[in-house]
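Contents: one structure, followed by commentary.
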């Protein structure tokens, strides 16, 4: 099987797993990409899959209009292959190459009798064009209604931004090099990049790159982290020597950023999943950071806390991930309306559990990558109402829209992900 066909087969199988079998995009790509030796092929699969998931409703509309009857459950791989073919055309890849490789991929998938169907539908898409994208993108109706209710003036921009490719932001290890020095290394390597004066450690690449092509990545000089997530270190801003708890730390980027800036911080990074903790430990080892990473449930401090209060606590809570749809487009496929109430309950439990662990005069930062009020401003408002010794501290305009109970960055603003921050102090 030549590499062009292999990439289409791989993309179709990833899409089949995500679209039809409930698999996560991240896990499916992690399983599929190592089989492709050439990094260019791996990059192509990622581009195809992301484009297909971002335009899923549009491609489904094409199949609905052009097929005399829907494809059956036994034809899921072919449906996924067609989505991959439409995505390649939407990405501007040469139509003849897309069609030829997709037809061969149908045969490689054991569907030679449907190769003609694949050929006909992709040629029709080339000739007639694909249907227009819906105004709300691929957002399910119940979730689109919530976004419009929470952000009536910004909803259209949120839907549009969430359908775009996310830029690749880097975080420079402040104790390994300077941002200007690393920017020069990127330029020497022929990689275009820009900086934001308001983000001390951030660099935005002009084109995404595999991490193994980033100068110094393996040596811990740089990490990949969106600028909105890098803002967490600015919002928490623990004093030198502080004892810090990162209550929901995986994959560890925020703890690492704090430690890179100030090695005197004594950081405990928790996660409930031992596998994610091991990955955090690998990250901290690559960055040469001394962080206490452990598998523990932050909502049960009696099982892990030593009784010594923390000076600063970060609760980067599990959430709907509605602020990072452009990075995780399968969120719109897998998220259910009942999930929001369940997530909000978990967020409340986390806040109530760790607040007693905060020292007098200490700061807790509540953060999510959600844009929903129920998980963000309403969550903080309810916490303040039931917690007399909690005081909300205002954040500067650079953190986003002031909601009255924290600051909200919306997807795409300043090139960043959607993110919420609320800084709470214990007098």
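The values are calculated or read from the model by the stated rules, or taken from the named source; none is laboratory data. Because the structure is a prediction, the values reported are computed rather than measured. Reconstructed Cβ throughout: ideal geometry from the backbone, glycine too, with neighbour counts over all protein chains shown.
When you scan the range 333-347, do you find a residue that is part of a helix (DSSP H, G or I) and crowded, with 23+ Cβ neighbours inside 10 Å, even just one?
Looking only at the range 333-347, we keep the residues that are part of a helix (DSSP H, G or I), and these are 333-334, 337-347.
Checking which are crowded, with 23+ Cβ neighbours inside 10 Å leaves us with 347.
So far as the range 333-347 goes, yes, one or more of its residues are part of a helix (DSSP H, G or I) and crowded, with 23+ Cβ neighbours inside 10 Å.
Scanning the range 246-268 for residues that are farther than 16 Å from residue 200 by Cβ and under 20 Å from the mean Cα position of the chain (by Cα) returns 246, 247, 248, 249, 250, 251, 252, 255.
Residues of the range 39-65 that are in contact with a helix residue (DSSP H, G or I) (Cβ under 6 Å, 6 or more places away or on another chain) and over 17 Å from residue 19 (Cα atoms): 41, 42, 44.
Select from the range 178-208 the residues that are out of contact with any strand residue (DSSP E or B) (no Cβ under 8 Å at 6 or more places or on another chain) and surrounded by 19 or more Cβ atoms within 10 Å (Cβ to Cβ) and list them in ascending order.
First, pick out the residues of the range 178-208 that are out of contact with any strand residue (DSSP E or B) (no Cβ under 8 Å at 6 or more places or on another chain): 180-181, 184-185, 188-190, 197-200, 207-208.
Matches in the range 178-208: 199 only.
How many residues, within the range 230-247, are on the phi < 0 side of the Ramachandran plot and surrounded by fewer than 22 Cβ atoms within 10 Å (Cβ to Cβ)? Can you show your working first?
Within the range 230-247, the subset on the phi < 0 side of the Ramachandran plot is 230-236, 238-240, 242-247.
Those still in the list that are surrounded by fewer than 22 Cβ atoms within 10 Å (Cβ to Cβ) too: 234, 239-240, 242-243.
Residues in the range 230-247 being on the phi < 0 side of the Ramachandran plot and surrounded by fewer than 22 Cβ atoms within 10 Å (Cβ to Cβ): 5 in total.
Results for (1) farther than 16 Å from residue 122 by Cα; (2) at pLDDT below 95; (3) not in a helix (DSSP H, G or I), shown as yes or no for each residue.
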residue: 34; (1), (2), (3): yes, yes, no
residue: 40; (1), (2), (3): yes, yes, no
residue: 45; (1), (2), (3): yes, no, no
residue: 49; (1), (2), (3): yes, no, no
residue: 53; (1), (2), (3): yes, no, no
residue: 71; (1), (2), (3): no, yes, yes
residue: 78; (1), (2), (3): no, no, no
residue: 81; (1), (2), (3): no, no, no
residue: 87; (1), (2), (3): no, no, no
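Hey, any hits in the range 136-146 for a residue that's in a helix (DSSP H, G or I) and either more than 23 Å from the chain's Cα centre (by Cα) or in the same structural domain as residue 418 (by TED's automatic domain parsing) (or both)? No, the range 136-146 has no match at all. A count restricted to the range 89-116 and to residues that are more than 31 Å from the chain's Cα centre (by Cα) and not in a helix (DSSP H, G or I) stands at 2. Residue check: residue 362 meets all listed conditions (1) closer than 23 Å to residue 157 by Cα; (2) crowded, with 19+ Cβ neighbours inside 10 Å but one, namely (1).
When the residues of the range 209-220 are filtered to those that are more than 19 Å from the chain's Cα centre (by Cα) and surrounded by fewer than 19 Cβ atoms within 10 Å (Cβ to Cβ), the one that is modelled with the lowest pLDDT is 212.
Within the range 408-427, track down each residue that is under 26 Å from residue 205 (Cβ atoms) and either outside the structural domain of residue 315 (by TED's automatic domain parsing) or buried (at least 18 other Cβ atoms within 10 Å of the Cβ) (or both). Before you say what the answer is, go through the steps one by one.
Taking the range 408-427 and keeping what is under 26 Å from residue 205 (Cβ atoms), we get 408-421.
Residues satisfying the conditions are 408, 409, 410, 411, 412, 413, 416, 417, 418, 419, 420, 421.
Of 279, 243, all but one fail to be touching a residue at least 60 places away in the same chain (Cβ under 8 Å), out of contact with any helix residue (DSSP H, G or I) (no Cβ under 7 Å at 6 or more places or on another chain) and not assigned by TED's automatic domain parsing to the domain that holds residue 216; the exception is 243.
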